[in-house]
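Taken together, the values in this text are just the output of simple stated rules run on the coordinates, not laboratory data. As the structure is a computational prediction, the values presented were derived from the model and not from experiment. Note: ideal-geometry Cβ built from the backbone for every residue, glycine included; neighbour counts use all protein chains shown.
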Protein chains: 2
Amino acid sequence: MFDIIAFDADDTLWHNETLFTEAQEKFKQLLLDYHPEAWIEQKLYEIEMRNLAHFGYGVKGFTLSMIETAIELTEGRIPGSDIQEIIDYARTMLAAPVQVLDGVKETIQALSRQYTLMLITKGDLFDQETKIARSGLGGYFKHIEVVSVKTEATYRHIFDKYEVTPQQFLMVGNSLKSDVLPVMACGAQAVYVSYPSTWAHEQVSERELWEQGHHELDDIRQLPELVRQLESGQAPSTG
Amino acid sequence: MFDIIAFDADDTLWHNETLFTEAQEKFKQLLLDYHPEAWIEQKLYEIEMRNLAHFGYGVKGFTLSMIETAIELTEGRIPGSDIQEIIDYARTMLAAPVQVLDGVKETIQALSRQYTLMLITKGDLFDQETKIARSGLGGYFKHIEVVSVKTEATYRHIFDKYEVTPQQFLMVGNSLKSDVLPVMACGAQAVYVSYPSTWAHEQVSERELWEQGHHELDDIRQLPELVRQLESGQAPSTG
């Protein structure tokens with residue numbers, strides 16, 4: 001029934017948000033002399049959102065936003081050495097070992113024997129490519145798509161490119177906003193695998209989720225069984 | 001004879017290096033009080049090369065390198081407002097109108113009637129996608145590949161992905177290093193279309209070019225005629 005099972009990468013196959021959270025923690029420490037923590041966090045989020053249209057997703061855009069926030073919150077008084085430290089966070093993030101999530105490797109391995117697997121990931125092309133290479137999982141995926149956004153149009157474009165119908169496609173990911181809702185809007189099925197901390201920007205309201213009828217797993221190891229149920233028409237949706 | 005004619009984008013279809021040159025000029029002005037121009041230029045290039053392995057190509061990585069250079073050359077004394085100015089260069093570059101080069105549109109239009117056209121471009125995914133959209137040329141290209149590097153392996157991967165042999169593939173671009181040499185090393189043909197100012201990093205020595213037997217054009221409008229000659233076996237190479 002499914003021709004392609006596609007996976008999100010960051011926070012679905014390996015830890016990613018933790019790197020951003022760690023960098024953000026260090027960033028807040030750097031500015032605590034100037035402002036309270038909550039205010040620094042709010043300003044950074046505002047500036048990130050404002051910059052998204054210019055810089056897109058990824059470590060480099062995030063770093064430029066941290067630098068801008070630091071300048072704005074200190075009215076330009078931040079010393080050069082602190083800005084250098086922020087750039088060093090970026091280098092640390094980009095060079096950090098890729099920590100594959102529990103159960104991922106065995107699940108991917110098992111599914112790859114029977115299905116064509118695809119990776120659909122958002123962010124810096126260069127960063128994503130090195131992470132795929134370093135994860136040791138690249139070989140299980142026949143197709144890899146690094147995209148700048150994940151909207152309904154993104155998925156429709158992928159269906160066209162790989163000549164697959166929405167009915168033949170299953171998407172698995174930790175972001176309801178990027179991996180689940182737009183896929184279901186195309187008429188394809190999606191599995192939500194929760195990740196403990198999800199970036200505020202990727203969160204959707206309860207209301208949006210109401211009766212969407214997606215599939216939800218706490219552990220990616222449950223995926224092969226769910227796929228079997230979906231193919232035999234036995235899986236009730238979670239919505 | 002050719003199944004796919006592929007084009008580089010930056011400085012082949014539209015101006016790009018000029019944007020970097022302009023930003024670099026402004027950057028040098030900013031630091032002239034601290035150091036002579038040639039030294040600033042050399043330091044920036046050094047830091048860019050050092051950062052390439054971390055940040056990859058593109059405006060955001062270039063901007064982070066400018067900021068690092070500014071901090072290093074001023075021993076951290078650069079004011080926050082000047083760093084903000086450097087970030088503003090990035091925003092200007094990313095929002096700049098896409099200036100399609102002379103003769104490009106008519107050439108692409110003419111070739112698209114007879115051939116499958118592909119775009120193979122290097123850099124920030126997000127930046128490249130918005131440039132393709134803003135150029136008005138996106139519709140002529142059946143396939144678009146944004147890649148992080150252009151090596152022999154990159155081109156071999158593309159041949160596999162699109163099930164094309166090197167003999168059926170022609171690459172057109174302004175960088176001998178990225179668009180010509182690796183393509184010819186795969187056994188495919190390549191056309192070099194010169195662009196007045198090419199980034200130092202993309203330049204190759206005369207020696208490397210010696211007897212490579214590539215095809216060279218001063219004007220992209222000569223491309224349809226060259227393609228005809230190549231297909232009829234009449235085109236002598238330029239090496």
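The figures follow:
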read-out	value
Enumeration of residues in the stretch B:114-153 that are closer than 21 Å to B:His15 by Cβ, away from chain A (no Cβ under 11 Å), in a loop (DSSP other than H, G, I, E, B) and not basic (Lys, Arg)	B:Gly136, B:Leu137, B:Phe141
Tally of residues being exposed (fewer than 15 other Cβ atoms within 10 Å of the Cβ) and without any contact (Cβ under 8 Å) to a residue 40 or more places away in the chain across the stretch B:23-47	10
The stretch B:75-119, residues that are over 23 Å from B:Tyr34 (Cβ atoms) and out of contact with any helix residue (DSSP H, G or I) (no Cβ under 9 Å at 6 or more places or on another chain)	B:Arg113, B:Thr116
Odd one out for A:Ile78, checked against (1) over 21 Å from B:Gly56 (Cα atoms); (2) among the hydrophobic types (A, V, I, L, M, F, W, C); (3) not in a loop (DSSP other than H, G, I, E, B)	(3)
Residues that are touching a residue at least 24 places away in the same chain (Cβ under 8 Å) and within 10 Å of chain A (Cβ to nearest Cβ), drawn from the stretch B:93-104	B:Met93, B:Leu94
Residue count for the stretch A:42-64, restricted to those that are more than 7 Å from chain B (Cβ to nearest Cβ) and assigned to a helix (DSSP H, G or I)	14
B:Leu30 aliphatic (A, V, I, L, M), within 14 Å of another protein chain (Cβ to nearest Cβ) and more than 17 Å from the chain's Cα centre (by Cα)	yes
Residue ID - farthest from B:Arg134 (Cα to Cα), chosen from residues in the stretch B:99-123 that are surrounded by 19 or more Cβ atoms within 10 Å (Cβ to Cβ) and β-branched (Val, Ile, Thr)	B:Thr107
From B:Thr151, B:Thr130, residue being farther than 22 Å from A:Val147 by Cβ and of a type in the set (Ser, Thr, Tyr)	B:Thr151
Tally of residues being more than 30 Å from B:Gly58 (Cβ to Cβ) and touching a strand residue (DSSP E or B) at 6+ places or on another chain (Cβ under 7 Å) across the stretch A:109-132	3
Residue count for the stretch B:65-92, restricted to those that are more than 7 Å from chain A (Cβ to nearest Cβ), under 9 Å from A:Gly80 (Cα atoms) and without any contact (Cβ under 8 Å) to a residue 12 or more places away in the chain	1
Residue check, B:Asp102 part of a loop (DSSP other than H, G, I, E, B) and closer than 30 Å to B:Phe7 by Cα	yes
Residues of the stretch B:18-56 satisfying the condition of being touching a helix residue (DSSP H, G or I) at 6+ places or on another chain (Cβ under 9 Å) and of a type in the set (D, E, K, R)	B:Glu22, B:Lys26, B:Lys28, B:Glu37, B:Glu41, B:Lys43, B:Glu46, B:Glu48, B:Arg50
